[in-house]
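All remarks here apply to the structure that follows.
The values are calculated or read from the model by the stated rules, or taken from the named source; none is laboratory data. Predicted model only: the values in this text are computed from it and were never measured. Note that we place each Cβ from the backbone using ideal geometry, even for glycine, and neighbour counts take in every protein chain shown.
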Amino acid sequence: MMILAAVCAALVHFCSSAVESHSAQADQISSLPGQPRVSFQQFSGYITIDEKQDRSFFYYFVEAENDTTTLKPLVVWFSGGPGCSSVGGGAFAQHGPFRPSGDILLTNKYSWNREANMLYPESPAGTGFSYSANTSFYTNLNDEITARDNLVFLKNWFIKFPQYKNSELFIAGESYAGHFVPQLAQLILESRVKFNLKGILMGDPLMDFDTNYNSVPHFYWSHGLISDSTYNLFSSKCNYSRMNREQTSGSLSPACLAVRSQYSQEVGDSVDRFDVTLNSCLPSVDPQPQVTENVDVCIGDEVNKYLNREDVQKSLHARLVGVANWSMCSGALRYNIKDKEITMIPVMGSLVKSGIRTFVYSGDQDSVIPLFGTRTLVDGLAKELRLNTTVPYRNWFEGEQVGGWTQVYGDILSFATVRGGSHTVPGTQPARALVLFTAFLKGQPPPAE
């Protein structure tokens with residue numbers, strides 16, 4: 001024992017690495033229930049965020065599909081909400097290696113770990129299997145706290161997996177992660193800890209409250225969901241961002257109440273606003289036909305059932321703390337929803353100026369954060385930064401089919417639409433999403449014909 005202590009004293013770094021390697025080994029998943037055989041390794045477990053407050057993030061990590069995983073980039077994925085699970089909504093419902101189907105897992109041939117090592121932290125604490133023993137933490141959450149905790153997570157994860165610290169790092173996410181992603185990237189650039197950050201990728205992101213939300217009525221109208229007269233009410237009586245603000249405050253003005261009543265009656269409750277062309281999941285109908293072989297409209301229900309199985313939680317090294325069940329989006333968090341009004345455009349501009357590759361994509365069937373506002377914001381940022389157009393607006397291809405449209409500015413800022421894509425593009429257009437993802441990692445524009 002004394003000899004070992006002396007060796008450790010002389011080789012502190014080596015011993016520390018050995019401890020961390022053992023810690024990572026303890027998180028290795030031997031096999032998930034119902035899982036097909038795979039050639040890559042998986043890990044999951046907890047990363048401590050605040051030891052005194054007993055606050056920890058749960059993570060799921062999937063190595064890339066080859067024997068030289070450390071040579072492939074590391075992509076950290078955040079889902080939106082705030083409070084929606086990246087493990088459930090990102091990995092198992094969209095671009096992870098498996099998708100639940102009944103009692104088994106099906107191989108996702110469009111998994112993003114074909115191109116990168118994929119890391120899915122459930123953030124903030126209170127999301128999914130992540131937790132804070134001090135539950136008062138859940139009532140005071142905001143963007144600043146979340147960004148800080150995300151940075152702590154990343155620092156501590158690299159201690160557990162030091163072999164990836166020099167890998168090219170990309171931060172990605174969707175929806176409200178339009179805040180999480182650039183805010184974390186900004187903190188990384190400001191941090192004394194050096195990360196090899198190369199770029200950010202955001203899908204259907206909330207970037208600017210007014211511009212994003214005021215494009216919703218145009219989407220409804222252009223897709224035939226509302227009448228001409230109702231569309232005109234949004235410009236003459238109450239625009240969509242004002243309505244959203246008033247709903248958040250709990251006090252709708254008579255003008256906004258009238259507009260909301262009319263558009264709600266026309267749109268109805270049976271349309272999936274994440275994808276207005278997609279059929280709704282009807283749990284009472286069993287089985288339901290899939291839209292295509294790769295799209296299951298009830299994937300959310302499948303994921304919920306799978307991740308609430310005791311044998312699955314045991315295999316994932318997960319535990320429920322302060323909640324009875326795992327849920328896709330947390331009902332425990334009381335997030336400062338006013339933070340959604342903070343514009344991310346200045347942060348994104350700062351990142352681009354710092355040489356961080358920035359790619360924004362939009363599913364063209366998403367009515368929650370429509371492409372119109374997003375395209376306007378990216379184009380406006382390019383003009384503000386005086387970036388020349390390096391790839392003029394054109395269509396891009398997935399195989400022999402048009403995958404969408406794209407424009408690139410200064411070879412560093414890119415926008416793309418995804419034809420037939422929803423608010424969660426990789427879930428409804430997995431092949432096209434993988435094409436964009438691959439191009440982004442390589443620093444290339446989406447492929448032309």
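Below is a table of values for the structure above.
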| read-out | value |
| --- | --- |
| Subset of region 323-343 (residues that are closer than 26 Å to Tyr59 by Cα and of a type in the set (A, V, I, L, M)) | Val323, Ala324, Met328, Ala332, Leu333, Ile337 |
| Strands (runs of 3 or more DSSP E) wholly inside region 333-449 containing at least 1 residues that are more than 23 Å from Lys198 (Cα to Cα) and small (Gly, Ala, Ser) | 357-363, 401-409 |
| Failed item in (1) touching a residue at least 60 places away in the same chain (Cβ under 8 Å); (2) closer than 30 Å to Val276 by Cβ; (3) of a type outside the set (Lys, Arg); (4) surrounded by fewer than 19 Cβ atoms within 10 Å (Cβ to Cβ), with Met202 passing the rest | (4) |
| Some residue of region 115-132 being in contact with a Ser or Thr (Cβ under 9 Å, 6 or more places away or on another chain) and either in a helix (DSSP H, G or I) or over 30 Å from Arg99 (Cα atoms) (or both) | no |
| Qualifying residue in region 97-112 (condition: closer than 25 Å to Gly421 by Cα, aliphatic (A, V, I, L, M) and surrounded by fewer than 20 Cβ atoms within 10 Å (Cβ to Cβ)) | yes |
| Lone unmet requirement of (1) buried (at least 24 other Cβ atoms within 10 Å of the Cβ); (2) farther than 21 Å from Ile369 by Cα for Ser175 | (2) |
| Output for region 340-357, where each listed residue is surrounded by 17 or more Cβ atoms within 10 Å (Cβ to Cβ) and of a type outside the set (Val, Ile, Thr) | Lys340, Met344, Met348, Gly349, Leu351, Arg357 |
| Pair list, Cβ under 8 Å, 6 or more apart: region 344-355 residue within 12 Å of Gly380 (Cβ to Cβ) and assigned by TED's automatic domain parsing to the domain that holds Gly178, other residue of a type in the set (Gly, Ala, Ser) and surrounded by fewer than 16 Cβ atoms within 10 Å (Cβ to Cβ) | Ile345/Gly380 |
| Residue in region 51-59 that is assigned by TED's automatic domain parsing to the domain that holds Thr146, closer than 19 Å to Met328 by Cβ and among the small types (Gly, Ala, Ser) present | no |
